[in-house]
1. Based on alpha-carbon atoms only, what is the radius of gyration of the chain relative to the globular estimate 2.2 N^0.38 Å?
2. Could you check the simple spin-label distance between S126 and K73, using points 7 Å along Cα→Cβ, in nm with one decimal?
3. Pulled fully out, how much extra length does the chain show between A30 and Y341, if you take 0.36 nm times their separation in residues and subtract their Cα-Cα distance?
4. Using the Karplus curve 6.51 cos²θ - 1.76 cosθ + 1.60 with θ = phi - 60°, work out ³J(HN,Hα) for each residue of region 57-66 in order, rounded to whole Hz, and write x for Gly and Pro.
5. Stretch N149-A38 to full length: gain in nm at 0.36 nm per residue minus the Cα-Cα span?
6. How many angstrom lie between the Cα centre of region 150-187 and the Cα centre of region 1-77?
7. Using the Karplus curve 6.51 cos²θ - 1.76 cosθ + 1.60 with θ = phi - 60°, what ³J(HN,Hα) values do you get for each residue of region 342-354, in whole Hz, with x for Gly and Pro?
8. Cα to Cα, under 28 Å, and not fewer than 8 places away if on the same chain: which lysines meet these conditions relative to K230?
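What follows is calculated from the coordinates using simple rules that are stated; it is not laboratory data. These figures come from a predicted structure and were not determined experimentally. So basically every Cβ, Gly included, is an ideal-geometry build from the backbone, and we count neighbours across all protein chains shown.
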Amino acid sequence: MNIAPLNEKTGYVRWMKSQGLPIHAGHGMADLRTLEVAPYSRMGGNAAFIHLHGMQGITGAYVAEIAPGGALKPERHLYEEVICILNGQGATEIWDDHGNKKLFEWGKWSLFAPPMNTSHRLVNGSREPVKFLAVTNAPLAFDIYRDENFIFSCPYSFADRFHGEEDYFNVGKKRYVSGLINIWETNFIPDISSAFLENLEVKGAGLRLSQFEMSGNALVGHLGEWPVGKYHKAHYHGPGAIIVGLQSVGYVLLWHKELGLHPYTDGHEDKVIEIKWGEGSIYCPPGDWFHQHFNAGKEPARHLAIRYGSRLFPLGFKVSHQKTDDDVFRGVKQGGWMIPYEDEDPEIPQRYQAALKANGIGF
């Protein structure tokens, strides 16, 4: 049940350490916007790596800062990347090797993914620093290729991912249901804190959730929101899912599935990890660990999750031992990965009511 230590021999970890940047490690961080960053000559701005225990070698992340009126150096890479703007305003230029070029503007809480191996440059169009989070599958690329020059300088354009389409970075209008989840095909979301979401109460009372499919990626994600005084049902899945707090405050509980459905009443309280979250926080549940998100604030809670699980471009290998794409929505007694409210540890709702009372919220 221990988290595997940082594997110093992997290509990604060796490259990450060679860059001379701060590396922020742990289960989570309280606020991405306050993390220490340092000058990064390769990028042309300030940056720091984030190494969360639950990434487990299949996702990576960094935070970066662009000076007022400044711009990062152009970059291309043979891995997928999803970028979330934490504050500030600006624009991104995207181009390929065939002369196709696009420019789009963004602001706080905009979300987008430069299509893989397109050249791209981020520009700060404001008088304040821009800060952003980038989630990648760079660990997979570096562990396989182990060649920085190849990863950042390969002269190939993936025309099936981007070929200068006129409406490529318009907000997508295609929404539908696949299995038990709501899908939204869009390569750009201008404001994830206010984007429309659909009902998905199977995972929690009052929950609204939409999965976004973006830029032809296997690395996708979802936006979820739930009301004041409510919480998700506990569930587990594979590693690598990175979660960012957008609105309200609360906490998440994490415990390995081997501890069972009732970690408190079965005497495992010392093995349950509690992480506080709020706007700008980040955490990453390890694979096969139950985790449960609680809204302890006075407004609806909203989270961004960046993870694998594309319904359009699924991976052939599985990051978890799933039978179907919807196991996370099925109760453990039915062979799924979720604990229904009626089967959860009775200590969990009792502790939640105490947390609500401490914050002046009564029902």
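1. Numbers: Rg = 20.1 Å, N = 363, 2.2 N^0.38 = 20.7 Å.
The value comes to 0.97.
2. With each label point 7 Å from Cα toward Cβ, the separation is 2.6 nm.
3. Values: separation 311, 0.36 × 311 = 111.96 nm, distance 2.77 nm.
Using 0.36 nm per residue and subtracting the Cα-Cα distance, I get 109.2 nm.
4. Once rounded to whole Hz, the list reads x, 10, 9, x, 7, 8, 10, 9, 9, 10.
5. Details: separation 111, 0.36 × 111 = 39.96 nm, distance 2.25 nm.
Roughly 37.7 nm would be gained on extension.
6. Rounded to whole Å, the Cα centres lie 25 Å apart.
7. Whole-Hz 3J(HN,Hα) from phi for region 342-354: 5, 9, 7, 4, x, 5, 5, x, 5, 5, 5, 4, 5.
8. Those lysines meeting the cut-off are K108, K203, K257, K271, K276, K298, K333, K357.
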